[in-house]
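The values are calculated or read from the model by the stated rules, or taken from the named source; none is laboratory data. Worth saying up front: this structure is predicted, and the values here are computed from it rather than measured. Heads up, the Cβs are rebuilt from the backbone with ideal geometry, glycines too, and the neighbour counts pull from every protein chain shown.
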Amino acid sequence: MFKSTLQAFSLALGMALITPALAAGNAEMPKEVKAETRTEVGTSVPQGAGKSGEDVSGQVSINSATAQELAATLNGVGLKKAESIVSYRDKYGPFSQVDQLTEVPGIGKALVERNLTRIKL
């Protein structure tokens, strides 16, 4: 009983989010809805998760991600800085600490701190 009530509430809430956009003539679903893939009631997984350097939590591995994955995941890191990270890693080996990113030209302490929740080794 509780599960079916919860499902009904979730469906009603979802419809409340989608209906105003459709009523306004916007046939496209809101980005909040498109950004997730439902797996079961109450859980969701971001689309594109599970790539080689990126995991389900939205973190990216600075030791295995491609430049494109780094640029897509890290705030303030474009393709050029991401390529610098990969070049540094290729030249000096894998990072043993996240703070080592500051040794990469163009990557400062503030940039690393801003992305701490997005970075894993």
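Miscellaneous remarks
- Residue count for the range 96-119, restricted to those that are in contact with a strand residue (DSSP E or B) (Cβ under 9 Å, 6 or more places away or on another chain) and closer than 15 Å to Glu83 by Cα: 1
- Some residue of the range 15-31 being modelled with pLDDT of 55 or more and surrounded by 12 or more Cβ atoms within 10 Å (Cβ to Cβ): no
- Count - residues of the range 76-121 that are in contact with a Phe, Trp or Tyr (Cβ under 6 Å, 6 or more places away or on another chain) and surrounded by fewer than 11 Cβ atoms within 10 Å (Cβ to Cβ): 0
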